[in-house]
Amino acid sequence: MRPIIPDYLAEVLRDVESDTSGEPAGYIPELAAADPDRLGAAFAMLDGEVYGAGDIDTEFTIQSISKPFVHALALADHGFAPVLAKVGVEPSGEAFNEISLETGTGRPRNPMINAGAITVHSLAGAEDLTPEQRVERVRQGLSAFAGRRLTMDDAVCASEMEHAHRNLAIAHMLRSHDVLTKDPEAVVEGYTRQCSVLVTTRDLAIMAATLANRGTNPLSGEQVVPEPVVRQVLSVMFSCGMYDAAGDWATQVGIPAKSGVAGGLIGALPGQIGIATFSPRLDRHGNSVRGVSLFERFSSDMGLHVMETPAAARAVVRSHHVVGSGPDAPRVLQLQGGIGFAGAERVVQEAMTIPPSDTRVALDLTLVHSIDDVARRVLLEVARRLTLSGHDVYLVDPESAMADPDPGDGGRVTVVNTMDQVVNPTRDDLTRTGLRAAGRPGPRS
Ligand code: DON
């Protein structure tokens, strides 16, 4: 069989190819010389599979796409409070290079605009690093996100530094408010070197997939930053990543994203996919024109908007029935899929309808592939309360979907592998399965 996704990507690239509107970034001479017709798109799945079409192995500079990743490094290196003390998380609704700081504190509004990103650069790595060591911390951190050693384009960096008056002005303002505590010129040079890190569309898709994968790089398996850092960074990308186009993006595409003036664009959909596109012509916000069109297509074709309502919660209770007849006939809640809070709440509602006379109750997890921590606690509380109201509770859990199934505090569950063991229990079955997990009370028989 021919692979489906590369064919789909190639088709979508063909659809946007004729759009030559927009201009490559003109304010960095070396970028203006880039081939404006380059076009590529890549999907990185969370198991490390990468699909692509077009120019996905062409290198270009990462530019502002570095901002969320370096924000992640700063949060991982220092914790949340010191970073939040210097840079806010409010959308500014302004252009990326706007010279604006929060009144009163002088804090940049968020880490995606240049003022915030310049400050965040100064917070990557230990406080006492030299400017060169800080750049190296950033290069090494970005490499960990990409899963390969990244290098820098010195020509693009030098070309931007010759025209970096605006960023220098921003940095001096930040210094005057003591938001920056280092030499502003060295910080701008470090930030500009950060922007000149060379990546391919394939790299960017993997970097985005690392964010989508709770901070673990799907290729190397390395946990690059902790999960709470990823949540913070994705939230900021969602509200601020597309600058003064963030609201349009949030409604039309709905994927946490970040653009760069070399033409790259990434999106990270938590738990699903990392996406990257490359096309150098930019719109008036500094976002890639064809990149935005590609993301609009991907989001609508594949239902990737984060606000799409998942069907899973409604479908968690597959059936609720009694097997057989008589006083010992077990009542079964057959559950399915991945269970989060909303799914567990459905189980609570069903459990409340169980008549007290039905002594034996089974939660059948055979078709459940995952139970998150909140759902686990809710389901075990269901089991505990059922026990306290006089029921014998069974978990049918052949794949051990329920971690540590101990309801605690007066609760008791018997874990078995099949419904048959609930319907026709032998003393052998119960002794073996009831003691399967450590810390679990033995079966009542
Ligand atoms: O600070 C700058 O001007 C650039 N080096 C990065 C700007 C950028 O990529 C803006 N994003 N679209």
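The values are calculated or read from the model by the stated rules, or taken from the named source; none is laboratory data. Just so it is clear, the structure is predicted and the values come from calculations on it, not from any experiment. Using ideal geometry, Cβ is built from the backbone for each residue, glycine included, and neighbour counts are taken over all protein chains shown. Areas reflect the complete protein model, heavy atoms only, side chains present, ligands, DNA and RNA absent. Shrake-Rupley method; radii C 1.70, N 1.55, O 1.52, S 1.80 Å.
Values as computed for the structure displayed
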{"item": "Condition met for residue 345 (in contact (Cβ under 8 Å) with a residue 40 or more places away in the chain and within 22 Å of residue 369 (Cα to Cα))", "result": "no"}
{"item": "Given (1) touching a Phe, Trp or Tyr at 6+ places or on another chain (Cβ under 6 Å); (2) part of a helix (DSSP H, G or I), index of the condition residue 96 fails", "result": "(2)"}
{"item": "Filtered residues of segment 369-396 (kept if of a type in the set (A, V, I, L, M, F, W, C), closer than 18 Å to residue 331 by Cα and in contact with a Gly (Cβ under 9 Å, 6 or more places away or on another chain))", "result": "380, 383, 386, 388, 393"}
{"item": "Verdict on residue 91 being of a type outside the set (A, V, I, L, M), open to solvent by 10 Å² or more (accessible area, probe 1.4 Å), within 16 Å of the ligand (Cβ to nearest atom) and in contact with a Cys (Cβ under 7 Å, 6 or more places away or on another chain)", "result": "yes"}
{"item": "Per-region count, segment 281-294, residues buried (at least 24 other Cβ atoms within 10 Å of the Cβ) and farther than 20 Å from residue 146 by Cβ", "result": "5"}
{"item": "Looking only at segment 11-34, and only at residues there that are modelled with pLDDT under 95 and open to solvent by 80 Å² or more (accessible area, probe 1.4 Å), the one that is nearest to residue 158 (Cα to Cα)", "result": "30"}
{"item": "Pairs with Cβ under 8 Å, 6+ apart, first in segment 395-414 and more than 16 Å from residue 375 (Cα to Cα), second among the hydrophobic types (A, V, I, L, M, F, W, C) and open to solvent by 20 Å² or more (accessible area, probe 1.4 Å)", "result": "396/419; 410/388; 411/388"}
{"item": "Test: residue in segment 159-173 that is assigned to a loop (DSSP other than H, G, I, E, B), within 16 Å of the ligand (Cβ to nearest atom), touching a residue at least 12 places away in the same chain (Cβ under 8 Å) and in contact with a helix residue (DSSP H, G or I) (Cβ under 7 Å, 6 or more places away or on another chain)", "result": "yes"}
{"item": "Among residues of segment 375-408, those that are open to solvent by less than 60 Å² (accessible area, probe 1.4 Å) and part of a helix (DSSP H, G or I), counted", "result": "11"}
{"item": "Whichever residue in segment 227-243 is at pLDDT below 95 and not small (Gly, Ala, Ser) and, among such residues, is nearest to the ligand (Cβ to nearest atom)", "result": "243"}
{"item": "Residues (in a loop (DSSP other than H, G, I, E, B), within 17 Å of residue 160 (Cβ to Cβ) and in contact (Cβ under 8 Å) with a residue 12 or more places away in the chain) located in segment 1-31", "result": "24, 25, 27, 28"}
{"item": "Residue in segment 206-215 that is among the basic types (Lys, Arg), more than 16 Å from the ligand (Cβ to nearest atom) and at pLDDT below 95 present", "result": "no"}
{"item": "Residue among 276, 246, 257, 268 that alone is crowded, with 20+ Cβ neighbours inside 10 Å, within 17 Å of residue 113 (Cα to Cα) and at pLDDT 95 or above", "result": "257"}
